[in-house]
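Asks: Here it is, the structure in full.
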C-alpha cells in the first residue's frame, strides 16, 4: 500500500512538471518577436499630416455631443449640436422684418389706386369751384368799393377769403399731381435700402443657425474632448481634436555619417517605446539635404506603412535599417 501511494505521488509530480514546461513554452511562443536583423540609428516622434481642432463660430449652449474620446468619425459627420432656440427666434424676427420692409416698398411703388385719384380729382374740382365763387364775391366788393358803396374792411376780408381759396385749390392740385406721378425716386430708394438691410440681417441670422451644427472636417479618431452637453461655448475655443492616424510619419534625425546608407523609398523597421514588443514597417519618404544647425544631423521623414490603431501621434519611435 505504501509503495502504491509513493508511485501515485511520483506520477503526479511528473505530470505537474510537464504542464509547467508546456505552460512556459506556450507563454514564450505568445511573445511577439522583434527583428534582430535591423540596426536602429535614428529616432523621432510620430506625427500626422491630418489633424483638426474643432471650434464653434458662435456663442451658444451645447445640446448634444455625438462622439467621445477614441470615437471614429468620417469627414462630414455631425459631432456637436448647439441649442437653436434663441437662434431660431432671431431668424424668425429677421424674416418678419424682411416681410415688413418688402410690404412697405410694394405699397410705396403701388400706392396710387384709381379711387384715390378720383377723390383727389373731386377735391380739385370742388376747390376750383369754391375759388371761382370767392373770386366773384371779391370782384363784386371791389366794384362796390370803387363806387363808394362798400368799405375797405369788407374788401380786405374778401381778399383773405380769396387767398385761402386759392391756396386750397393749389394744395388739391398738387395732391392730384403727386398721385398721378407716383412716389418720388428718393422715397423709393429709402424703402429699397430698408429691404436690403433687413435681408442682410436675415442672412446673418440664418448663418448663425446653420453654425449650430458642427461637423468633422476630416476622417479620423477623436483624441481630445474639452466640452460636455449643457456647457456654453465661445468662438475660437477648441472643443474637440480629431486626428487621422492612417497617415502617420516620423521626422527622424540621422547622423551625417550614415546618410550615405539611406535612400528614399527604402523600407525600414520602426520600434515604438510605448509598444515595446512589436515592430512596424516604414518607408523613407524624404531625405533633407540641409544639415540641422544645432545637431549637425540630417532630417529624414519616414512614413509608417502599417496602419495600426495602437500607433498615435506623440509616441517616440526608433528607425532601424535592415541589415
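Where a number appears in this text, it was derived from the coordinates with a stated rule and is not lab data. None of these values were measured; they are calculated from a predicted model. Here Cβ is always computed from backbone atoms with ideal geometry, including for glycine, and neighbour counts include all displayed protein chains.
Asks: Can you grab the distance from the C-alpha centre of the stretch 78-149 to the C-alpha centre of the stretch 155-218, Å, no decimals?
Replies: What the calculation gives is 10 Å, centre to centre.
Asks: Relative contact order of the stretch 189-297, please, whole-number percent, based on alpha carbon pairs below 8 angstrom and at least 6 residues apart.
Replies: 18
Asks: Label point 7 Å out from residue 104 along Cα-to-Cβ: which residues of the stretch 186-211 have amide N under 13 Å?
Replies: Only 187-199 fall inside the zone, counting backbone N under 13 Å.
Asks: Is the C-alpha gyration tensor of the stretch 191-323 telling us rounded, prolate or oblate? Criteria: a/c under 1.5 is rounded; beyond that, a/b larger than b/c is prolate, otherwise oblate.
Replies: Values: a/c = 3.65, a/b = 2.40, b/c = 1.52.
Note, shape of the stretch 191-323 comes out prolate.
Asks: Once both labels are modelled 7 Å past Cα along the beta-carbon direction, what's the residue 118-residue 278 spacing in nm?
Replies: Distance between label points: 9.1 nm.
Asks: Report the paramagnetic label zone for residue 49: residues of the stretch 217-253 whose backbone N is under 20 Å from a point 7 Å from Cα along the Cα-to-Cβ axis.
Replies: So the set is 217-222, 242-253.
Asks: Full-extension gain between residue 204 and residue 78, please, as 0.36 nm times their residue separation minus the C-alpha to C-alpha distance.
Replies: Extra length available between residue 204 and residue 78 comes to 43.2 nm.
Asks: At a 10 Å Cβ-Cβ cut-off, how would you order 280, 316, fewest neighbours first?
Replies: With the fewest neighbours first, 280, 316 line up as 316, 280.
Asks: Efficiency by 1/(1 + (r/R0)^6): what FRET value for residue 256 and residue 310, r their Cβ-Cβ distance, R0 = 30 Å, to the nearest 0.05?
Replies: 0.35
Asks: If you don't mind, another one. By how many nm would the segment from residue 153 to residue 286 grow when fully extended, if each residue of separation counts as 0.36 nm and the alpha-carbon distance is taken off?
Replies: 36.6 nm is the gain from fully extending residue 153 to residue 286.
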